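**Student:** Quick one: structure below, then a few questions.
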Amino acid sequence: MRERVTVDDVQLGHLSDNEQRKVRDMLPEFEDMWQGQLGTLKVTEHRIKLEPGSLPVRLPPHRASNKAREVQKTEVEEMLRLDVIEPASTEWSSPVVIVPKSDSRWRFCVDYRRMNALSLKDSYPLPRMDECIDSLGDANFFTAWIAIGVSGRYPSASKIATS
């Protein structure tokens, strides 16, 4: 069972008291966008297409300090608890990298560079940056909602396409 998240759970310590109040006053209007739960974004299924004949990438874990291993273990346990990830057995493996953030917290990353090198690139056009910036209008706050602190968590297909 996923834990219910409320507006009060949103971390805003990097904002002034006045800015925090404004954001907290605005958030309830959009609370249905995140449904009060952390976890997987069920927007689309993600499929990775690889160059024909690509072999699985099997990389061992990177060398890491005891603290980084402890953070990694805690993060994995939390993601399992929130049903964001699930145990899997696969011939593919990419190493985890724990990166310190400027606020003394840690960012959990996966080094997919080797797999990305085998991936077929999408031919979708990128949006025009000037139009993206114009769409912000007179906004005073800008944010990217990130599922449990990590972007790009989408359900993935059960297998990787190599054709």
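**Student:** Can you run phi through the Karplus equation (6.51, -1.76, 1.60; θ = phi - 60°) for the range 81-91 and list ³J(HN,Hα) in whole Hz, with x for Gly and Pro?
**Tutor:** 4, 7, 6, 8, 10, 9, x, 8, 10, 8, 7
**Student:** Which residues' amide hydrogens lie under 5 Å from the amide hydrogen of VAL110, considering only partners 5 or more residues apart or on another chain, with H built in the peptide plane?
**Tutor:** VAL97
**Student:** Taking amide H positions as placed 1.01 Å from N in the peptide plane, with prolines and chain starts having none, which residues 5 or more places from SER93, or on another chain, fall under 5 Å of its amide H?
**Tutor:** Sorted by chain and number, the residues that satisfy this are VAL57, ARG58, LEU59.
**Student:** Can I get the semi-axes of the range 46-130's equivalent ellipsoid? Compute them from the C-alpha gyration tensor as square roots of 5 times the eigenvalues, in angstrom, largest first.
**Tutor:** On the way: eigenvalues 142, 76, 39 Å².
Equivalent ellipsoid of the range 46-130: 27, 19, 14 Å, largest first.
**Student:** In terms of Cα to Cα distance under 15 Å, which aspartates and glutamates are near enough to LYS49, apart from those fewer than 8 places away along the same chain?
**Tutor:** The qualifying aspartates and glutamates are ASP122.
None of the figures in this text is laboratory data; all of them are computed from the coordinates on show. A quick note: this is a predicted structure, and the numbers were derived from the prediction, not measured.
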